[in-house]
Every structure is written in structure tokens, then in C-alpha cells.
């Protein structure tokens with residue numbers, strides 16, 4: 001675990017008076033807990049976006065990066081399945097136009113480029129800090145409908161493997177992870193390990209106050225964090 | 001000058017003083033013997049039979065209830081383990097300071113009017129008390145609490161608590177509710193090992209008491225009433241360790257403190273107070289109860305029912321409708337009521353009147369008739385218990401019918417003795433539930449029978465609902481332990 005990297009990110013955010021880490025920062029932090037994340041890089045110019053895309057390999061996803069835009073997908077700030085150089089240029093222009101139209105005052109830092117992950121079952125793992133019990137982890141079906149469906153379960157840190165297993169099985173949508181109607185069976189043991197790792201991780205990083213890893217694409221042989229949002233303590 | 005660095009006593013050592021102090025000083029003992037004897041702390045301890053040294057403190061008295069009185073704690077020539085402070089709140093910081101200087105190990109502040117009032121003055125006084133003990137080896141219970149009840153140590157907070165020791169540890173923030181629970185549980189035939197009402201928990205709190213009682217051999221079941229926690233993480237870990245070895249029942253009241261507050265993430269916005277407490281119970285295996293009534297029933301179940309291996313119940317009792325209702329209640333609470341095997345049904349058929357149309361599939365309708373718990377009835381209980389599918393037997397009785405219809409009186413002794421006899425040869429745990437009627441005498445007798453059964457080691461409940469709910473929660477506890485640790 002690279003604690004200096006985390007410290008650097010947290011300190012920079014504090015200097016800039018931010019509690020919300022960018023997607024790129026959030027993923028770097030979460031990767032330190034041992035989770036696989038879809039690596040995301042920042043392009044400051046159109047040329048950089050093209051170079052990064054070629055380097056990562058098509059298809060890619062591009063997203064607006066701005067501390068002022070929280071829900072990126074709401075305003076046309078995300079373009080999926082970009083297959084070639086021309087589409088990178090088109091996406092670059094459309095994201096900028098959408099952001100300017102919808103959030104005229106937003107400070108646009110650039111556009112992130114990441115590999116388009118193989119679709120999987122979308123789940124969420126989250127954390128918040130309870131006033132009485134400290135860090136608490138959440139698991140549920142992920143995606144944009146999380147707050148609508150509220151199909152989630154919670155466990156107080158530290159989690160045992162038993163806790164992780166029961167918290168996954170507790171959600172109503174568990175059959176969706178377990179091969180419901182011919183769907184792919186998700187490797188829930190893999191997710192259990194992630195939950196236990198995250199429990200250990202947040203225990204030694206009290207500066208992390210909340211996070212959403214949403215969505216995580218879960219597969220029959222693993223999982224990958226596709227998007228992440230980490231919130232840090234405002235004053236330590 | 002050579003200063004010796006005092007080694008802080010371990011939690012275990014502190015608790016030994018809390019429950020078994022060798023000497024107790026009482027601040028605020030009255031010169032009026034009649035008053036002190038009937039409602040004072042010296043009176044309470046004397047009548048309860050406290051065996052250690054007792055030092056009343058009152059600057060205006062030379063003797064209280066025949067005991068030599070002292071003008072101050074420092075005037076006591078010997079060591080003092082434990083002090084009870086019953087003085088106007090303004091005097092409390094000063095005497096606690098004196099106790100620290102005297103080297104008193106544990107101070108119980110009975111006086112109220114501190115942080116619980118929410119006033120600046122109250123908070124200031126509490127801070128002063130805290131300051132007095134900070135850095136010392138003197139530990140404090142309270143303020144604003146009735147303190148300790150421990151029959152084996154001769155301590156009590158109430159004149160009417162049983163002197164007999166039992167196996168229940170009970171720690172409570174509320175004093176009034178705590179005393180009420182002890183007295184009601186006593187009446188049911190339950191006995192306690194260690195009880196503490198700890199009030200504002202300025203120093204010693206529920207976390208300390210739970211950690212101690214998890215390994216305390218005198219305690220088989222722990223009951224907690226909590227409103228707020230000083231250290232949620234430590235509480236969580238302490239309960240998790242305790243449930244591994246004994247059932248822990250928790251009444252968590254007024255849980256509005258939890259939650260995330262303002263939410264910047266999906267997670268925080270989805271996290272309510274209820275969800276976190278649900279996680280707490282799911283992770284620790286602690287048994288959640290809603291009120292003191294349920295707490296008492298859960299104590300009965302947890303203490304008197306031997307370890308349950310499953311949730312399948314064999315029902316024995318008269319009355320078709322009652323049987324159906326009981327089955328429904330069992331199922332609703334998560335118990336299973338399987339049909340008895342053909343073989344068992346065959347034997348049961350020989351025990352019931354051939355022409356009565358009695359059910360023998362589960363429930364088994366076997367006579368609890370004019371003759372009370374008859375030989376046939378006793379045999380029926382054993383037969384039901386011998387069904388390999390069955391994990392335990394629940395029998396329900398409606399005594400009012402026998403009293404009113406058959407004119408049977410003095411049924412209590414016969415029934416109790418018969419059950420105690422049956423229980424000796426029951427191959428599986430047996431639970432007894434009564435059905436209440438409206439006859440006041442029968443109600444009283446049911447209470448009496450229940451107490452005797454309980455004292456004889458049989459879990460007995462005043463209603464079928466109470467029985468099924470408490471037993472189902474106990475089954476879940478043992479399942480949790482098995483799934484998690486075995």
C-alpha cells in the first residue's frame with residue numbers, strides 16, 4: 001500500500017479546499033486497498049485525448065472532469081463506447097459543449113479517458129462514517145438506480161468474512177448475482193474479499209469519510225471498479 | 001522525593017471492587033436512624049447484609065445506625081474500596097477530589113443534577129468531577145444513577161431486591177427502569193449476578209461492564225439497556241466477543257444519535273440510523289428486544305432453555321383452535337411446525353381418546369384433564385420429543401378451563417411437580433406457555449406456577465405469543481453462533 005500517494009492526494013485536496021476527490025484521484029486511492037479499478041487518465045487537450053485513447057486501446061469512455069460537476073452523466077458529460085480517433089474528437093467537442101451549456105460557471109479541468117470495461121452485473125460498495133460506530137460499509141445493486149431501489153445492506157467496520165458474505169446475501173437482488181434466469185453467476189467470494197480489504201483499509205485511513213464505488217462491474221471471475229467518488233474529512 | 005508511578009488497575013480489577021468491595025463509605029448518611037434505616041444507603045446495605053466494613057460519613061454525627069460515623073473520608077483510618085456519594089450536587093466535585101486523595105478505588109455518585117439536565121451549571125459540575133478523577137486510579141460510576149446491585153457482594157440499590165444471587169448481568173442507563181426490571185424479574189423467579197445503573201457514564205460505562213461480564217463465570221446471560229454510547233466501536237467489539245460465549249440481550253432506546261448527517265455520497269444518503277443498528281445486531285448476534293416486558297421473556301428463554309439445535313417445534317396442548325393459532329404464531333416468528341412421523345402419530349393415537357377426534361399430527365392434543373399433568377400427558381410430551389425431526393417441545397395450557405369447567409382448585413403444586421418430574425426424562429428442551437383467562441385467582445396461580453417452574457429449571461411464559469417470540473429469537477442466536485464460529 002502506497003500511503004504517501006494517498007497522503008499526497010488528500011493534502012492537495014485540502015490545499016484546494018476540496019473534500020470531494022476527482023474520479024482519477026478517487027480511483028488511485030481505492031486501488032491502494034487492493035481493488036482493481038478501470039485506470040483513468042486526464043487529457044488536457046484534444047491531442048492528449050487521442051494519444052491516451054490509442055495507448056489504452058479502443059473502445060474507450062470519456063468523461064468531463066470538474067470539481068463543480070458531481071453527477072457527470074446527467075448533463076451529457078459522459079460518452080461511452082468510443083471506437084476510433086474521429087469519435088474521440090466528436091466526444092471531446094460534445095462533452096465541452098454540454099458542460100458549457102449546462103454548467104456555464106463550472107471549472108473544467110479536462111476530460112478523462114478510460115478503457116470501456118466489459119459489461120458485468122452492476123453493484124455498489126460504499127462507505128460512510130457513522131457518528132456512533134465509525135466507518136460502515138454498504139453493499140447493493142449498483143448503477144444509476146441505487147437511490148431509487150434502495151436495495152442495500154450495511155455492516156459496521158471491522159467486517160469478518162462472515163459479515164461480508166451475509167451482507168451480500170441480505171440484499172433482495174441477491175438472486176441476480178447468483179445466476180437468476182440464466183444470467184452470469186457473479187463471483188461473490190471475490191466481492192467478499194474486497195469488502196474485507198476495504199474494511200481494513202478504512203480502519204487505517206480515518207481521513208476517508210465516505211465513498212461510492214459505483215458502478216462496480218462484477219463478473220464470474222472477478223470485478224472492476226468503473227467509477228469512484230471519495231470524500232475526505234474537511235479538517236484533520 | 002521518590003514518586004511511585006501508579007499502575008492503573010485493569011478492568012477486571014476495577015470490576016472486582018465494583019461488585020465485591022471490602023469496605024464502603026457513605027457520604028450523606030443521615031443522623032436520623034429511622035430515616036437512614038428505611039431509605040438511606042447505610043440502611044440499604046445493612047439490611048441487605050453487606051459483610052464488609054461500612055463507614056457512614058456525616059460531620060455532625062458520631063454514630064449512625066450503631067456504626068461509628070466519620071466527619072470526612074480522610075478521617076477514616078483504614079483503606080476504603082468504594083464510596084457512595086449522596087450529597088447536594090455542588091458538594092460532589094469536592095468530595096470526589098477527597099476520595100481521589102484518599103485513594104478510594106471506586107466512587108458511585110448517586111447525586112443528580114449534572115450533564116443530564118442539559119444546563120450549563122450541570123455540565124460544569126460534571127466537568128469538575130471528571131477533572132477530579134482524571135489521571136488518578138479512582139474510577140467513577142455515575143453521576144445520576146442508583147449504582148450497583150450484586151447479591152454476592154452484598155450491594156443493593158433497592159430494599160426489595162432478592163438477596164439470592166443468579167446468573168443474569170444487567171447494565172442500564174436508566175435507574176428507575178432498571179430497578180423496575182429487577183423487581184419484576186425477581187417476581188418471575190429470575191435472579192441476578194451483577195446489575196449496574198450507570199447513569200451519565202462519566203467514567204465507567206456499558207463498554208467496561210460488558211467486557212467484564214463476557215468472561216465472568218457468575219454470569220450466563222447479559223442484558224443491556226442503552227440510550228447512547230461513549231465509544232461505539234468498543235461497544236460493538238465487546239458485544240461481538242460476549243455473544244460468542246453467552247447470549248446478550250440489548251434494548252437500544254432513542255437511537256436518533258446514529259446516521260451520517262449531511263450526505264455527499266449515495267451511501268451516506270441511504271444510511272439511516274435503523275440500518276446501522278440492524279447491521280449491529282446482524283453482525284454481533286445480540287438479541288434485540290423492544291421493551292422491558294420482552295426483555296424479561298427473553299431472559300427466561302435465554303437462561304432456562306438448554307442450547308437449541310434447530311427451529312422445529314413439537315406442540316402439545318388441548319384445544320383445536322388454540323393449536324392452530326399457536327402453529328401460526330410459531331411460523332410467523334420463524335419456527336417450523338412439521339407433521340410428526342407416521343410412527344410417532346401411531347403412538348400418539350394410543351394416548352388419546354379414540355373417539356375424541358383429537359389432533360395428533362402436530363400439535364398433539366393430549367389430555368391435560370381433571371387429573372392435571374396426567375401420566376398420559378407426560379408420556380405424550382416424551383413421545384413428541386422423540387420425533388427425530390423435532391428440536392424442542394412447546395406445551396400450552398389453559399388452566400382457567402379446568403378451574404371453571406371442572407371446579408379443580410389447588411392445581412398449582414400438582415402441575416408443577418408433574419412437570420418437574422417429566423422434565424427429568426425429557427430427551428429435548430421443553431417450554432411451557434400459559435393461556436390467560438379473566439379469572440383473577442387463576443391469573444395469580446399461573447404466576448405462581450410459572451415462578452415455581454422457572455425455579456425448577458423450566459422455561460415458562462405467561463402467553464403463547466411471548467413464548468414463541470422469545471424462543472424464536474434464541475434459536476436465531478444459536479444459529480448465528482453456529483454459522484459464524486462453529
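Within 10 Å of each Cβ in A:121-131, how many Cβ atoms from other chains are there, averaged over the peptide? Walk me through the intermediate numbers first.
Numbers: counts 0, 0, 0, 3, 1, 7, 4, 13, 4, 15, 9.
That works out to 5 on average.
Give the Rg (one decimal place) followed by the Dmax (whole number) of segment B:313-485, computed from C-alpha coordinates and expressed in Å.
15.5, 53
Can you quote the Å³ per residue value for the convex hull of the Cα atoms in segment B:195-312, rounded to an integer?
Values: hull volume 15.8 nm³, N = 118.
Cα-based convex hull of segment B:195-312, divided per residue, equals 134 Å³.
Report the far tail of the P(r) of chain B, meaning the percent of Cα-Cα pairs longer than 42 Å. Present the calculation step by step, with values, prior to reporting the outcome.
Details: 34897 of 117855 pairs.
It works out to 30 percent of all Cα pairs.
By per-residue mean of other Cβ atoms within 10 Å, what is the highest-first order of B:157-164, B:430-437, A:112-119?
Values: B:157-164: 15.8, B:430-437: 21.4, A:112-119: 18.0.
Ranked from most to least packed, the peptides come out as B:430-437, A:112-119, B:157-164.
Output the 0 to 90 degree angle, nearest 10, between the alpha-carbon long axis of helix B:292-304 and the longest principal axis computed from the alpha carbons of chain B.
The two axes meet at around 70 degrees.
Rounded to the nearest 500 deg cm²/dmol, what is the calculated helix-only ellipticity per residue at 222 nm for chain B, with -39500 (n - 2.57) per DSSP H run of length n ≥ 4? Present the calculation step by step, with values, prior to reporting the outcome.
Values: 18 runs with 211 residues, N = 486.
So the calculated ellipticity at 222 nm is -13500 deg cm²/dmol.
Out of every Cα pair in the protein assembly as shown, what percent are spaced more than 39 Å from each other? Don't jump to the answer; show the numbers that get you there.
Details: 134736 of 260281 pairs.
That fraction is 52 percent.
With axes computed from alpha carbons, what is the tilt in degrees of helix B:464-485 against the longest principal axis of chain B, rounded to the nearest 10 within 0 to 90?
70
Counting other C-beta atoms within 10 Å, which of A:100, A:155, B:382 has the fewest, and how do the rest follow? Before the final figure, lay out each step's value.
Numbers: A:100 12, A:155 26, B:382 16.
Fewest to most other Cβ atoms nearby, the residues stand as A:100, B:382, A:155.
Report the normalised scattering of segment A:3-115 as log10 I(q)/I(0) at q = 0.11, 0.13 Å⁻¹, calculated by the Debye formula with identical scatterers on the alpha carbons.
Computed log10 I(q)/I(0) values: -0.36, -0.50.
Taking the number of other C-beta atoms within 10 Å as the exposure measure, put B:116, A:86, A:210, B:36 in order starting with the fewest.
On the way: B:116 16, A:86 10, A:210 27, B:36 24.
So the residues, fewest neighbours to most, are A:86, B:116, B:36, A:210.
Classify segment B:92-211 as rounded, prolate or oblate from the Cα gyration tensor: take a ≥ b ≥ c as the square roots of its eigenvalues, call it rounded if a/c is under 1.5, otherwise prolate when a/b beats b/c and oblate if not. Display every interim value, and only then the final one.
Working: a/c = 2.45, a/b = 1.74, b/c = 1.40.
In terms of gyration-tensor shape, prolate.
Let me understand chain A better: what is its radius of gyration from the alpha carbons, and its Dmax, in angstrom?
Computed over the Cα atoms of chain A, radius of gyration and Dmax are 17.9, 53 Å.
Which whole number gives the average count of other chain Cβ atoms within 10 Å of the Cβ atoms across peptide B:230-243? Write down the numbers at each step before the final one.
Details: counts 1, 3, 6, 9, 0, 2, 6, 2, 0, 0, 4, 0, 0, 0.
Average neighbour count from other chains, rounded to a whole number: 2.
In what sequence, highest mean first, do B:65-76, A:187-198, A:222-233, B:404-415 appear when ranked by Cβ atoms within 10 angstrom?
On the way: B:65-76: 15.9, A:187-198: 19.1, A:222-233: 22.4, B:404-415: 13.7.
Ranked from most to least packed, the peptides come out as A:222-233, A:187-198, B:65-76, B:404-415.
Using the C-alpha gyration tensor of segment A:41-168, what are the square roots of 5 times its eigenvalues, in whole angstrom, with the largest one first?
Working: eigenvalues 234, 63, 34 Å².
Semi-axis lengths for segment A:41-168 are 34, 18, 13 Å.
I need the P(r) histogram for segment A:121-232: all alpha carbon pairs, bin width 5 Å from 0 out to the longest distance, whole percents.
2, 13, 24, 26, 21, 9, 3, 1, 0
How much of the pair distance distribution for segment B:11-144 lies past 19 Å, counting alpha-carbon pairs only, in percent? Please list the in-between numbers first.
Values: 4232 of 8911 pairs.
Here the tail beyond 19 Å accounts for 47 percent of pairs.
On a 0 to 90 degree scale, rounded to 10, what angle separates helix B:342-351 from the longest Cα axis of chain B?
Rounded to the nearest ten degrees, it is 90.
Would you mind getting the Kirkwood hydrodynamic radius of segment B:386-486 from its Cα pairs, rounded to one decimal in Å? Don't skip to the end; give the middle numbers.
Working: mean 1/r = 0.0673 Å⁻¹.
The answer is 14.9 Å.
Coordinate-derived values only; no laboratory data. Small disclaimer: the values here were computed from a predicted structure and weren't measured. Glycine also receives a Cβ, built like all others from the backbone with ideal geometry; neighbour counts cover every protein chain displayed.
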